[in-house]
Amino acid sequence: MLGKEDTSPHFVAVEWEQSVFEQLVQWRPWVESELRRRWSFLGHEDSKELSRALAWEADAHTERFPGVDRLWLEAGWQQAEIERRAAGSVDDFLRGLARCMLEQLVNPGRLTMSEFLANAAPPPDPVSKHELINRVSRRAWSEATESWGPHDSQRDARWADGISQRSVGLRGGWIAIAVGWAHADPAGGRERLGCLLASRGFRVNSVCLAPDGFTVTRADEGAR
C-alpha cells in the first residue's frame, strides 16, 4: 500500500504508545536469533525481516518514508494498561508478547481451532521463507477472526479525536493509519475508526492486509 504512493503522508498514526514500542522492539534481535536457529533456510536478512513483524505497525513505513512524523494513538493509555495487567513485571509481560509471536514463526504447524475441530492433519514443515510466511499468515488471520469479541468503541473515538486534532491546518495530501482490521473495516459500523473519520470529512480508503488481519488506512485531507 505505502509503496505505491508517490508522495509522503503528512504523518502516520500507529496503534502503539511510543514507550511500549521502544521496549518491545528490544526483543527483535532475540526473535531474529531464534528464527535462524529454527529454520536453516532463513538467512540473516530473512530472519531480521521476519523479526520486524513484532510491533510492525509502528515502523513499517520508515523504509519508504523515513522522515515522516508518527502519531502514537495509544499515548497515555497503553503503558498504563500493560503495567496494570503485568502485575509489577512489565519486562516479563513484554517478553511474553515477543515469545507469543516467535512461537507462531517457529511452530507454524500448530493447528487453528477450526482445523482441530475438522480433524485436519498437521501441515508439513515449510521449506522456504515464502511457505513459512504463507502458513503463519493464514493461521494468524484465522485465529484473529475466531477470537474477535465485543468491540471497544471508546478506543476508536479516542483515536479519531487524536487524528482529527493532529490534522488541523493540513491541506491536501494524505495520512496513513496502521490499525487492526476490526477498527478499519468499512462494514464494521458507525463506531469504528474508519466510519468515524469519514463522518468528520476524511475520504477513507481501508485496505485489509489479509490474510494477517492488519490494515493501513489512507485518509485524504482534501475532503475537509
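Using a simple spin-label model with pseudo-atoms 7 Å out from Cα toward Cβ, R38 and E143 lie 1.0 nm apart. Each residue of the range 168-174 was assigned a 3J(HN,Hα) from its phi angle through the Karplus curve 6.51 cos²θ - 1.76 cosθ + 1.60 (θ = phi - 60°); the sequence is 4, x, 7, 9, x, x, 7 Hz, with glycine and proline shown as x. For the range 100-125 and the range 166-207, write down the distance between their C-alpha centroids in whole Å. That distance is 34 Å. Any idea what diffusion coefficient the chain gets from Stokes-Einstein, in µm²/s, Kirkwood Rh on alpha carbon pairs, 20 °C, 1.002 mPa s? So the translational diffusion coefficient is about 113 µm²/s.
Annotation: the residues F93, F116, F21, sorted from fewest to most other C-beta atoms within 10 Å of their own C-beta, follow the order F116, F93, F21.
For R70, nonlocal amide neighbours, meaning residues 5 or more places apart or on other chains whose placed amide H falls under 5 Å from its own, are V12.
One chain, two ends: E83 and E131. Fully extended at 0.36 nm per residue, the span grows by 13.6 nm beyond their Cα-Cα distance. Applying the Karplus relation 6.51 cos²θ - 1.76 cosθ + 1.60 with θ = phi - 60° to the range 80-94 yields 3J(HN,Hα) values of 5, 5, 5, 4, 5, 6, 7, 6, x, 10, 5, 4, 5, 5, 5 Hz, where x marks Gly and Pro. Projected label points at D69 and F93, each 7 Å from Cα along the beta carbon direction, are separated by 2.9 nanometres. Taking each residue as 0.36 nm, the span from D161 to D185 lengthens on full extension beyond its C-alpha to C-alpha distance by 6.8 nm.
Checking the a/c ratio against 1.5 first, then a/b against b/c, what shape does the Cα gyration tensor give for the range 1-106? It comes out oblate by the Cα gyration axes. Taking amide H as placed 1.01 Å from N in the peptide plane, W174 has its amide H under 5 Å from the amide H of H10, E221, each at least 5 places away in sequence or on another chain.
Computed from the coordinates by the stated procedures, all read-outs in this text should not be read as laboratory data. None of these values were measured; they are calculated from a predicted model. So basically every Cβ, Gly included, is an ideal-geometry build from the backbone, and we count neighbours across all protein chains shown.
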